[in-house]
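Working notes for the structure below.
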Amino acid sequence: MADFGFSSSPSSSSGGGMDSAKRSELMDQVKSQLLVAQLQELLSKMSDKCFKKCIYKPGTQLDNSEQKCLSMCMDRYMDAWNTVSKTYTTRLQKEHSQGGSF
């Protein structure tokens with residue numbers, strides 16, 4: 001049976017059998033997967049909201065007003081998302097530097 005990098009040996013002193021390099025690599029992989037999931041969610045929500053707002057009669061082509069509406073909607077959505085993300089990151093960094101918890 002695979003141990004997936006974890007040791008059941010009680011004499012292991014490296015935090016569950018993972019050395020710091022493996023732990024760091026695993027954390028980087030998890031962070032990358034979370035980022036991909038967040039971006040997929042962002043694109044999905046943005047597409048859904050902008051489609052509902054801008055496309056009144058779906059067809060094989062978008063007319064000029066629909067194209068312009070979609071472009072502006074996506075720009076605004078991305079700007080708002082970036083603002084919220086920066087504010088949230090700043091808040092987390094501030095709380096972390098003050099030793100606070102969530």
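Of all residues in region 44-90, which are polar (S, T, N, Q) and open to solvent by less than 90 Å² (accessible area, probe 1.4 Å)?
If the condition is that a residue be polar (S, T, N, Q) and open to solvent by less than 90 Å² (accessible area, probe 1.4 Å), then Ser44, Ser47, Ser65, Ser71, Asn82, Thr83, Ser85, Thr87, Thr89, Thr90 are the ones that fit.
Within the set of pairs 6+ apart or on separate chains, which have a first residue in region 73-94 that is closer than 15 Å to Ser47 by Cα and among the hydroxyl-bearing types (Ser, Thr, Tyr), a second that is part of a helix (DSSP H, G or I) and open to solvent by 60 Å² or more (accessible area, probe 1.4 Å), and C-beta atoms under 7 Å apart?
Tyr77/Lys49
Go through region 17-66 and report how many residues are assigned to a helix (DSSP H, G or I) and over 20 Å from the mean Cα position of the chain (by Cα).
Result for region 17-66: 11.
The values are calculated or read from the model by the stated rules, or taken from the named source; none is laboratory data. Nothing here was measured: the structure is a model prediction, and the numbers come from that model. All Cβ positions, glycine included, derive from the backbone under ideal geometry; neighbour counts span all protein chains shown. We work out accessible area using only protein heavy atoms, side chains counted, and drop any ligands, DNA or RNA first. Shrake-Rupley method; radii C 1.70, N 1.55, O 1.52, S 1.80 Å.
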